[in-house]
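The values are calculated or read from the model by the stated rules, or taken from the named source; none is laboratory data. Since the model is a prediction, treat every value here as computed from it, not as a measurement. Using ideal geometry, Cβ is built from the backbone for each residue, glycine included, and neighbour counts are taken over all protein chains shown.
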Amino acid sequence: MTDISADMKSDTVETHGHSPGVVLRSFVIGLTAFLTVVDLFATQAILPSLARHYNVTPAAMGFAVNASTMGMAVAGLVVGFLSQHIDRRLGILLSLAFLAVPTTLLAVAPNLTVFTILRITQGLCMASAFALTLAYLGEQCSSMDAGGAFAAYITGNVASNLVGRLVSAAVVDMLGLASNFYFFLLNLAGAVLVYFTIHRVRPMHSMPMSQSPFAAMIAHWRNPALRAAFGIGFCILFAFIGTFTFVNFVLVSPPLSLGRMELGFVYFVFLPSIVTTLFAGTAVARFGTRPAIWGALAVAAIGLPLMLSSHLLEVLTGMVLVGVGTFFAQAAATGFVGRVATENRGVASGTYLACYFLGGLVGSAVLGQLFDRLGWTACVAGVGASLAVAARLTARLRA
């Protein structure tokens, strides 16, 4: 297997080309991301089935499934604080290995409370691996190839959304709810991949050890550009969660009335995002961070009214546009944080991820209530408001 830390250094000068090392490195980075979060959103494809199984409302089930973002927000922050003392390879390896435990136990969760706690535990493990990987990429990549590396990682995240949801729907349809969670022990494969591809590297200490992680986080918050990026991350997952959690209930209800397996196939809407997200780094390099994010948010906003249609093709088109826009904006914003935070990148990445995942949790709670009380139109309006706030914050992204 390849040592991607070595590839990152040797292929820097060829970032804008297509050398085998660059391609292989991008593939390994993307596959690591895929195996880290493949079960994060997979359960959203079976939300209606879970709601019936636990006999709860869409808002309650949506919050329980997305409670993983609570664990991810906490873990992102904690890992960021302790980043200077954590061996990247070992931390990622253990996080992915331990992730298999709550994933297995979800198959036998007796009630919604236990289900929610296990999802939070999943989030703790996933975010630990996620935050350490982002810190690792930020430290091992030069400023030239960081954008491509972050884009590859976010692309793996996109692919996990597609494959995870599709496979989840198929497994549940054929083998039942419990089998779904047993299947997603793919995280162990992620641990094996990390073992063979990431060599041990010491965390980079660009800030004196006399400064505490808390002081480093405050320093990042005092940077207007980073503060805006943290807010953008919050808004992006707020919008994404609101769209792709509650649209499931719309798709299975009249007039669309899709079946469980048909609902799984719907998530081929993420396929274009796998391609477009790869170009986020190139777009930022060519046009700048702000135009790239503004363009992505505009694409997502165009998709919102289409999802209010009673015609499946228009709804699917809207989902494609929201997926493309939010993932592209996420890749651009993540890369921005990695570039601007020249000191204590682990703390910066952890803070960004905490804000990002907190946005998902708040989005699930707020938009779930809008959906239950006022319907899908109000939920979509809430998503649009979040995108508008993100666009306003983008104006402050000045490196």
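Listing for the model above:
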{"read-out": "Ile4 surrounded by 18 or more Cβ atoms within 10 Å (Cβ to Cβ) and at pLDDT below 75", "value": "yes"}
{"read-out": "Pairs, first within 14 Å of Tyr136 (Cβ to Cβ) in the stretch 76-88, second of a type in the set (Ser, Thr, Tyr), C-beta under 7 Å, six or more apart", "value": "Val79/Ser128; Gly80/Ser349; Gly80/Thr351; Arg88/Tyr136"}
{"read-out": "Test: residue in the stretch 302-314 that is within 29 Å of Ile29 (Cα to Cα) and among the hydrophobic types (A, V, I, L, M, F, W, C)", "value": "no"}
{"read-out": "First in the stretch 296-322 and among the polar types (S, T, N, Q), second anywhere and at pLDDT below 95, Cβ under 7 Å, 6 or more apart", "value": "Ser310/Pro255"}
{"read-out": "Sole exception among (1) modelled with pLDDT of 85 or more; (2) buried (at least 18 other Cβ atoms within 10 Å of the Cβ) for Leu40, by number", "value": "(1)"}
{"read-out": "Pairs with Cβ under 7 Å, 6+ apart, first in the stretch 165-179 and closer than 26 Å to Gly323 by Cα, second modelled with pLDDT under 80 and of a type in the set (D, E, K, R)", "value": "Ala169/Arg260; Val172/Arg260; Asp173/Arg260"}
{"read-out": "Considering residues of the stretch 283-293 that are surrounded by fewer than 19 Cβ atoms within 10 Å (Cβ to Cβ) and not charged (D, E, K, R) only, the residue farthest from the chain's Cα centre (by Cα)", "value": "Phe287"}
{"read-out": "Unmet requirement for Ser128, which otherwise passes all of (1) surrounded by fewer than 24 Cβ atoms within 10 Å (Cβ to Cβ); (2) small (Gly, Ala, Ser); (3) under 22 Å from Leu237 (Cα atoms); (4) at pLDDT 85 or above", "value": "(1)"}
{"read-out": "Total residues in the stretch 59-113, condition hydrophobic (A, V, I, L, M, F, W, C), more than 21 Å from Ser179 (Cα to Cα) and not in a loop (DSSP other than H, G, I, E, B)", "value": "17"}
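Residue-by-condition table, conditions (1) among the aliphatic types (A, V, I, L, M); (2) under 22 Å from the mean Cα position of the chain (by Cα); (3) at negative phi; (4) assigned to a helix (DSSP H, G or I):
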| residue | (1), (2), (3), (4) |
| --- | --- |
| Gly360 | no, yes, yes, yes |
| Gly363 | no, yes, yes, yes |
| Gln369 | no, no, yes, yes |
| Asp372 | no, no, yes, yes |
| Ala385 | yes, yes, yes, yes |
| Ala390 | yes, yes, yes, yes |
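Listed here are the residues, each with its yes/no results for (1) buried (at least 18 other Cβ atoms within 10 Å of the Cβ); (2) of a type outside the set (A, V, I, L, M, F, W, C).
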| position | (1), (2) |
| --- | --- |
| Ala215 | no, no |
| His220 | yes, yes |
| Gly231 | yes, yes |
| Thr243 | yes, yes |
| Asn248 | yes, yes |
| Pro254 | no, yes |
| Leu263 | yes, no |
